[in-house]
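Peer 1: Attaching a single structure in structure tokens format; questions to follow.
Readers should treat all values here as calculations from the given coordinates under stated rules, not as data from a laboratory. It should be emphasised that the depicted structure is a prediction, and the values quoted were computed from it without experimental measurement. Counting neighbours? That spans all protein chains shown, and the Cβs are built from the backbone with ideal geometry, glycine included.
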Amino acid sequence: MAASSAPQKRVDLTRLQHLSRAYWQSGALFAAIELDIFTAISQGADTIAAIAKTRGLAERQVSRLATVLTAMELLHKDGERYRNADDVERFLVSTEERFAGPWMLFTKPVWNQWGELATHLKRHAEARLGVYENFTVEDARKYHDATYSIGTGSARHFARTVNLTGRKHLLDLGGGSGAYSIMATQAFPGLRATVFDLPPVAIVAREFIAKAGASGRVEAMGGDFTRDDFPHGVDVVLMASNLPQYSAELIQLVVRKAFDALAPGGEMHLVGEALNDERTGPLDPALWGLNEAIWGSTGAAHSEADCREFFSKAGFIDVKSEPFIPGVLSRIFGRKPV
């Protein structure tokens with residue numbers, strides 16, 4: 001009797017087709033945010049006719065969009081009525097405190113550039129900092145208006161999960177709006193912080209700091225932390241959410257400068273979009289690294305193993321890495337010997 005063989009999995013084109021049109025889904029999400037569809041539904045305009053009337057759209061167009069949003073599981077349908085998925089209700093209703101619409105739309109300005117990615121990848125000459133080479137105050141304000149809500153959420157998580165009790169001075173490298181510094185100094189009385197970022201960004205950071213009522217405990221210092229001296233005697237250094245913007249050489253340089261600036265026994269935390277040690281994912285950090293090709297920078301995706309090596313080479317001990325926001329951010333940390 002002939003031995004039976006296990007059935008072979010059929011290889012077809014379905015997965016590749018879905019990937020080739022993934023930008024259609026992004027387009028649907030962007031349109032829903034820009035048209036404030038989710039807010040309309042949250043406020044009771046939960047049928048095609050009601051959404052169309054509230055938003056001044058044709059019912060045919062609303063039906064087309066709602067069908068896709070339902071297929072994407074951003075909306076749920078019960079009869080003729082729609083309701084937002086739980087995460088949509090929490091983060092994409094514009095009247096809610098945690099509205100993250102600006103963050104969702106953050107990368108839309110380079111939509112067309114991603115269509116020209118092959119052209120960008122043919123480029124050989126690259127700038128150290130890409131888009132940040134000629135960053136203006138207006139650029140910084142637009143950037144941080146879009147990212148502040150998501151940054152505040154990550155900053156709250158940092159303050160909840162990292163114990164800075166007894167620490168006196170936090171140096172926040174590339175701290176942008178100051179969200180991490182604001183939340184950390186609020187959570188740990190006696191801690192003060194210095195946001196160290198490009199001069200245009202520091203101007204905008206002071207606006208956010210003042211609005212948060214944190215001017216008495218957080219200051220903003222203008223400079224290029226890849227080139228300028230750090231304040232010395234700090235006992236915590238933080239670098240958050242800007243890892244892929246820099247080359248390995250620049251990250252190593254910054255970590256070494258942080259080590260030198262820290263008081264003995266001080267600690268550094270790098271919260272960044274890091275790949276796993278095998279460099280097989282997650283997808284989000286990999287894409288942020290690829291995004292640097294659009295801006296023509298020397299930045300790249302780095303792995304947790306790369307970052308641990310940066311720390312160890314600089315002289316840090318007890319170097320570890322762990323998930324911070326799984327699939328999105330990792331935290332790499334170490335301590336300067338006493």
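Peer 1: In the range 246-280, whose amide N lies under 18 Å from the spot 7 Å out along Cα-to-Cβ of D87? List them in ranges.
Peer 2: Answer for this model: 273-274.
Peer 1: Something else: Calculate the tail of P(r) for the chain: the fraction of all Cα-Cα distances greater than 35 Å, expressed in %.
Peer 2: 32
Peer 1: How long is the gain from S215 to H120 if the chain were fully straight, where each residue apart is worth 0.36 nm and the alpha carbon distance is subtracted?
Peer 2: 30.0 nm
Peer 1: Can you grab the distance from the C-alpha centre of the range 233-305 to the C-alpha centre of the range 89-120, Å, no decimals?
Peer 2: A separation of 23 Å, based on Cα centres.
Peer 1: For n ≥ 4 DSSP H runs only, could you compute -39500 (n - 2.57) per run for the chain, divide by its residues and tell me the 222 nm figure to the nearest 500?
Peer 2: Working: 15 runs with 151 residues, N = 338.
Value at 222 nm, helices only, nearest 500: -13000 deg cm²/dmol.
Peer 1: Taking 8 Å as the Cα distance limit and 6 or more residues as the minimum spacing, I'd like the relative contact order of the chain as a percentage.
Peer 2: 12
Peer 1: Roughly what % of DSSP beta bridges within the chain run antiparallel, to the nearest 5?
Peer 2: Here the antiparallel bridges make up roughly 40 percent for the chain.
Peer 1: So how many Lys-Lys pairs in the chain land under 25 Å Cα to Cα, not counting same-chain pairs under 8 apart?
Peer 2: Here the count comes out as 13.
Peer 1: On to the next question. Which log10 I(q)/I(0) values, to two decimals, does the range 254-315 give at q = 0.16, 0.17, 0.28 Å⁻¹ under the Debye formula with one point per Cα?
Peer 2: Rounded to two decimals, the profile gives -0.60, -0.66, -1.12.
Peer 1: Something else about it: At 0.36 nm per residue, and after removing the present C-alpha to C-alpha distance, how many nm does the segment from W111 to I325 gain when stretched out fully?
Peer 2: Fully extending the segment from W111 to I325 adds 74.5 nm.
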